[in-house]
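Visitor: Have a look at this one before I ask anything.
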Amino acid sequence: MYGAVQADVDPKVGILFGNGSDFSPKVSVGDLSWKATASSCILQLLLWVSAWGMVDCSVCAAAPGQPWMRLTLYFFIAVAGGLMVPPTLRAQHQREIAAASVHGSSPAVGP
């Protein structure tokens, strides 16, 4: 998600910092191998922080000086985010199945 993983093209070449050192975790789905890099994880963290900054600004603008209203808005935002988890996981699983069928391997076990 958001470029947090990078396809492992050549396992002998270290992707991290270009110096051959490779301490990034690998995730395998069938024949596909993905490698998370430090820069992509930092980018994802910055995207999350900026998204929550926008949420905070919106909540403060919608309910200035009303702490209970802010709490209610944060609650609804959290519930909306929680409701998006199952469809997101289903879509991710469908992508894994499609990728595995293209590469002729079995997909990861899951919902």
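The values are calculated or read from the model by the stated rules, or taken from the named source; none is laboratory data. Because the structure is a prediction, the values reported are computed rather than measured. Here the Cβ is made from the backbone with ideal geometry for all residues, glycine too, and neighbour counts use every protein chain on show. Accessible surface is based on the protein model in full, side chains and every heavy atom, while ligands, DNA and RNA are left aside. Shrake-Rupley method; radii C 1.70, N 1.55, O 1.52, S 1.80 Å.
Visitor: Which value, in Å² rounded to 10, gives the accessible area of SER101 with a 1.4 Å probe and all protein chains present?
Guide: Accessible area, nearest 10 Å²: 80 Å².
Visitor: Would you mind computing, in nm to one decimal, how far apart the modelled labels at ILE42 and ARG90 are, each placed 7 Å from Cα along Cα→Cβ?
Guide: Here the modelled spin labels are 3.8 nm apart.
Visitor: Label ASP56 and LEU83 with points 7 Å out from Cα along Cα→Cβ: what is the distance between them in nm?
Guide: Placing both labels 7 Å along Cα→Cβ, they lie 2.6 nm apart.
Visitor: How large is ³J(HN,Hα) for each residue in the stretch 85-100, as worked out from phi by the Karplus curve 6.51 cos²θ - 1.76 cosθ + 1.60 (θ = phi - 60°), to whole Hz, x for Gly and Pro?
Guide: Computed from phi, the couplings for the stretch 85-100 are 5, x, x, 5, 5, 5, 5, 5, 5, 5, 5, 5, 5, 5, 5, 5 Hz.
Visitor: When a/c is below 1.5 the answer is rounded, else prolate if a/b is larger than b/c, else oblate, so apply that to the stretch 40-84 with a ≥ b ≥ c taken from the square roots of the Cα gyration tensor eigenvalues.
Guide: In terms of gyration-tensor shape, oblate.
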